[in-house]
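All remarks here apply to the structure that follows.
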């Protein structure tokens, strides 16, 4: 019996090491990936609420029609973002000859002022919805700017690469409101996003992996 446990332990250790190596290779290779080197780019956009949605839609105005189809993902309680997205896409239809847009909903990872203990449960629940959605849509790129909703979606995108199904480029843009410190979402995604943009030079100095281009949203 002790020998069996020893063998099982060795197998688990080797499996964990292989998983860690695989995650490292996916993240490392992703940092050298070049989005935009093919035709259309299937884009998944994570909209938050309030300022997050306003910022991400301002950024979307500068993207070409090559980013299509466009999948928007919002929290199931966020009615305002849904209205803004539909209004934005309706105006874009007048200029884009081949618009493609769908909106999808997942449970919110964390509500404002929600306790940290209950946030763990709600975040796990959000993963339950995010993983099947990402595996079904299989976007080329995930674009997000800070809402907690984007964490399970980005992790699901990373999982696609770990399993060898598809490399999903993760692009994170920290909110203009974050001047001296990253948001909690930023602190998490800083470690495995492919492109991490900040809008203040002070953040670039503190986080060397980040890219500073001035104000972009």
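The values are calculated or read from the model by the stated rules, or taken from the named source; none is laboratory data. Keep in mind the model is a prediction, meaning the values are calculated, not measured. Note that we place each Cβ from the backbone using ideal geometry, even for glycine, and neighbour counts take in every protein chain shown.
Quick look at the values:
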read-out	value
Residue count, the stretch 169-190 (criterion: in contact with a helix residue (DSSP H, G or I) (Cβ under 9 Å, 6 or more places away or on another chain) and in contact (Cβ under 8 Å) with a residue 60 or more places away in the chain)	6
Only listed residue being at pLDDT below 50 and within 22 Å of residue 135 (Cα to Cα), chosen from 30, 36, 48	36
Residue that is touching a strand residue (DSSP E or B) at 6+ places or on another chain (Cβ under 8 Å) and either in a strand (DSSP E or B) or at pLDDT below 95 (or both), where the choices are 176, 170	170
Matching residues, the stretch 54-75, being modelled with pLDDT under 90 and within 16 Å of residue 153 (Cα to Cα)	75
Scope the stretch 205-217; condition under 18 Å from residue 189 (Cβ atoms) and at pLDDT below 90; matching residues	213, 216, 217
Pair list, Cβ < 7 Å and 6+ apart or interchain, from the stretch 203-217 residues that are more than 16 Å from residue 171 (Cα to Cα) to residues that are part of a helix (DSSP H, G or I)	none
